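The values are calculated or read from the model by the stated rules, or taken from the named source; none is laboratory data. Nothing here was measured: the structure is a model prediction, and the numbers come from that model. All Cβ positions, even for glycine, are placed from backbone atoms using ideal geometry, and neighbour counts span all protein chains on display.
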Amino acid sequence: MKRLVKGPKSFIFIMILSLVVTLIPISTANAAYNLVWSDEFNGTGIDGNNWSFETGGGGWGNNELEYYTNRSENARIESGNLVIEARKESYGGMNYTSARLKSQGKKSFKYGKIEARIKMPKGQGLWPAFWTLGADIGTVGWPKSGEIDIMEHVNNENNTNGFIHWDANGHASYGGASQAVDVTQYHVYSIEWTSSAIKWFIDGVQFKEANIANNINSTEEFHKEHFILLNMAVGGNWPGSPDGSTVFPAKMYVDYVRVYQDGGTPPPSSSIVNGGTYKLINVTSGKALDVASAGTAPGTNVQIWSDNGTAAQKWTLYQNADGTYKLINVNSGLALDVSGSGTADGTNVQAWTDLGNGAQKWSVVQNGDGSYKLINANSGKALDVSASGTADGTNVQIWTDNGTGAQKWTLVKL
């Protein structure tokens, strides 16, 4: 989804053998990553801590036909999905509306695995995309910022596309089409991005790879932080204009966006027993994660308390299908939960009925010292003892991951 004109007949390709690591790469994705951030879209509205809207018309360098708005008609949360809706309507001097969200200035990443679970419409003139831009685009411009197109789909094609764009004494690009895929059903679109290569996957199956090792072919743009974008364009140089067969409104559904990075430690499943019961001892205080007064009602506060061996301090860890864990308190049968599915620093942690939502999903990530941090899947924030407290009854909350002892927990198998 370009800042400048782009389409199969207008690309400036650098087709250099050294850029292509594997001409026909088919493999499965590397699983040795730790979740560092996600948006599960389980709240009631689009999280302003993660996303902002780009608005306006004018073609966006591609002669696109939509006007991007920040209205709920064009972007909203529905049933655990971000919905981006393109509509045929006159607005801002354009004949179509849609939405374009970006994490610029809020979340940016260098290297790792970036993925989203998406289903999207087919239709002449429709152009949904999941992509990144270099965080320095405001100062260096495009294409010197670099761009990674994780997933683009146009028209009624039975495949998607993955590309990179950069500056090599002018606009350079490399990439191509995926294997056949029914884009109207949910699929996981991802890249694995290291200092050596960028690899594209659908549902864990690789279809393209680019060599960026040692800035080969002036690819230094891919060794710096990028932010994430999600949008659906209407029209443009690549897809062309809609016609009478195009169905509006057209909706793109995004179930989640997740970013993983290789912290150099084994994935938690290698050391955590699925279905095992543990006590969680905070490293700073030496006290246990505890349900206040051994309460059994949803909404009971979670705190730290002197390790006393009671069931209120025992938690059974069950692994979810996405690799995260839910923590079920043995005494109450309630799940470790972020109040109100909150994402702000200081949001309270409580015990609540097991719902299976992102507020109750935790990535259990081993630290270098053998302790663990628990990262909430919905907020991307860590399980934290308020103000690094050590007294019985000190509150437990979520807070930005800062690596302090207040966020480190020793898991003791019972």
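Assorted remarks:
- Test: residue in segment 231-241 that is in contact with a strand residue (DSSP E or B) (Cβ under 7 Å, 6 or more places away or on another chain), exposed (fewer than 15 other Cβ atoms within 10 Å of the Cβ), touching a residue at least 12 places away in the same chain (Cβ under 8 Å) and not aromatic (Phe, Trp, Tyr): no
- Scope segment 328-349; condition β-branched (Val, Ile, Thr) and within 20 Å of residue 280 (Cα to Cα); matching residues: 328, 330, 338, 347, 349
- Within segment 387-414, tally of residues that are surrounded by fewer than 18 Cβ atoms within 10 Å (Cβ to Cβ) and over 27 Å from the mean Cα position of the chain (by Cα): 11
- Residue match in segment 370-384 (condition: of a type in the set (Val, Ile, Thr) and surrounded by fewer than 23 Cβ atoms within 10 Å (Cβ to Cβ)): no
- One residue alone among 89, 40, 54 is charged (D, E, K, R) and over 24 Å from the mean Cα position of the chain (by Cα), and that residue is 89.
- Screening segment 265-342 for strands (runs of 3 or more DSSP E) wholly inside it with 3 or more residues that are surrounded by fewer than 20 Cβ atoms within 10 Å (Cβ to Cβ) and either in contact (Cβ under 8 Å) with a residue 24 or more places away in the chain or polar (S, T, N, Q) (or both) returns the ranges 276-282, 315-319.
- For segment 370-414, filtering for residues that are within 21 Å of residue 260 (Cα to Cα) and among the small types (Gly, Ala, Ser) leaves 7.
- Residue check, residue 142 more than 26 Å from residue 181 (Cβ to Cβ) and in contact (Cβ under 8 Å) with a residue 12 or more places away in the chain: yes
- Here is the figure for segment 84-107: residues that are in a strand (DSSP E or B) and more than 23 Å from residue 135 (Cβ to Cβ) total 12.
- Flag if residue 253 is among the hydroxyl-bearing types (Ser, Thr, Tyr) and either under 30 Å from residue 170 (Cβ atoms) or surrounded by fewer than 22 Cβ atoms within 10 Å (Cβ to Cβ) (or both): yes
- The numbered conditions (1) in a loop (DSSP other than H, G, I, E, B); (2) more than 30 Å from residue 355 (Cα to Cα) are all true for residue 50 except (2).
Every residue, every condition in (1) modelled with pLDDT under 95; (2) in the same structural domain as residue 253 (by TED's automatic domain parsing); (3) not hydroxyl-bearing (Ser, Thr, Tyr), yes or no:
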position: 69; (1), (2), (3): no, yes, no
position: 76; (1), (2), (3): no, yes, yes
position: 86; (1), (2), (3): no, yes, yes
position: 91; (1), (2), (3): no, yes, no
position: 105; (1), (2), (3): yes, yes, yes
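- Within segment 343-369, the residues that satisfy the criterion of being in a strand (DSSP E or B) and not hydrophobic (A, V, I, L, M, F, W, C) are 348, 350, 363, 366.
- Yes/no for residue 218 being on the phi > 0 side of the Ramachandran plot and in the same structural domain as residue 119 (by TED's automatic domain parsing): yes
- In segment 70-83, residue nearest to residue 155 (Cα to Cα) [restricted to those that are within 22 Å of the chain's Cα centre (by Cα) and in a loop (DSSP other than H, G, I, E, B)]: 74
- Filtered by the rule that a residue be in a strand (DSSP E or B) and either among the aromatic types (Phe, Trp, Tyr) or within 25 Å of residue 185 (Cα to Cα) (or both), segment 53-69 gives 53, 66, 67, 68.
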